[in-house]
1. Near the amide H of His133, under 5 Å away, which other amide H atoms are found, from residues 5 or more places off or on another chain, if H is placed in the peptide plane?
2. Carbon and sulfur atoms: what percent of the 1.4 Å accessible area of segment 157-277 do they account for?
3. How much length is gained if the chain between Arg276 and Asp153 is pulled fully straight, taking 0.36 nm per residue apart and subtracting their Cα-Cα distance, in nm to one decimal?
4. Mind listing the phi-derived Karplus ³J(HN,Hα) values for segment 128-134, rounded to whole Hz, using 6.51, -1.76 and 1.60 with θ = phi - 60°, and x for any glycine or proline?
5. Residue separation times 0.36 nm, minus the C-alpha to C-alpha distance between Asn258 and Lys130: what's the value?
6. Could you derive backbone 3J(HN,Hα) for segment 99-110 from the dihedral phi with the Karplus parameters 6.51, -1.76 and 1.60 (θ = phi - 60°), listing whole Hz in sequence and x where the residue is Gly or Pro?
7. Once the piece of chain linking Lys190 and Val22 is laid out straight, how much longer is it, given 0.36 nm per residue of separation minus the C-alpha distance between them?
8. Binning every alpha carbon pair distance of segment 144-220 at 5 Å from zero, what are the percents per bin?
Amino acid sequence: MRFVCPHCNAITEVSPEFMGMVGECYQCGATIETPVDGTAPSSNERAKSVAQPSKKRYMPLGIAILLVLGLVTTVYTFFRAGAATMRSLSDARLLGDTQRELAQIAEALRNYEADYGSLPPAVTRDDTGKAMHSWRVLLLPYLGEQGIYDAYDLDLPWDDQKNLDAMQWNMPAVYRHPGDANSNGWSDIKTPGYSLISGNGTLFPASGGLSFNQVTDPAEQTILVVESKIFTPLKSWTEPFDVDFGKMRGTLRNSVGNEIGGYVEGQAVVATIDGRVHILDQRHSSQTVLALITPNGGERLADDTLD
């Protein structure tokens, strides 16, 4: 059939299968719709050329909406997958940096034990029971921080103003958890990211640190030091503050509580007394986590528990 463009009067021959479809006029480019009843131009009209309108038919609104929603979903899924990948890479870097720092602290604790015949106490106390000094201060010479150690007055408690002033800007880098750094790379100068687990039945009871000779559980399955996000505001990084075994549930969630981990959801980096560093995750039950803490618990754990 022949069809006349209502905009420029150009005449086009249109195959019957394109009747009722929408396209562009070959002459003026305007949108045109061919008739559905086969109406042809009058006999005295001349065809100026032969061309067919576009085969593109306007789709129903419902189908268009579905296609748009599908595109939005695809784009959202793509970016969500990309964000998850970036988050995974970020977590992997964080875990790697944490492992390196924790390995240094574990080695310092092992060297302290070799020199003194026992691990440092989690906190030293005076004759009245007042908390004096954290293990973090006692360990400074073994971390290459003799200068900071010398600036600290062991004759005064940690919260004496002289010690608070001397230590205000002096938290060693190895105590600064990489997960506490802000966007500019600065870390909290008061809150360390690594702790001991203290209390009855641990390597660090109230009576003081144990000797490795007192440990009957396998060294490769006994936790020495852990990463633990401290949510309680501290006056100084020297404040005696650690994970209380008596209050633990053995969970690894990133939430406020007296637990290990807290930087990567469902994971925690720990070092065992043999100096090795491990990542605990959701494969480790709370019972397993608690069993790994006790040095003389006698729990039977699989050889590959920490592999």
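The values are calculated or read from the model by the stated rules, or taken from the named source; none is laboratory data. Please read these numbers as outputs of a predicted model, since none were measured by experiment. SASA here: full protein model, heavy atoms, side chains in, ligands and nucleic acids out. Shrake-Rupley method; radii C 1.70, N 1.55, O 1.52, S 1.80 Å.
1. Thr124
2. Carbon and sulfur: 48 percent of the exposed surface of segment 157-277.
3. 41.0 nm
4. My calculation for segment 128-134 gives 8, x, 5, 5, 9, 9, 7 Hz in order.
5. 43.9 nm
6. Listing the rounded values in order: 4, 5, 5, 5, 5, 5, 5, 4, 5, 5, 5, 5 Hz.
7. Contour length minus the Cα-Cα distance gives 53.4 nm.
8. Here the calculated profile for segment 144-220 is 3, 12, 15, 16, 18, 18, 11, 6, 2, 0.
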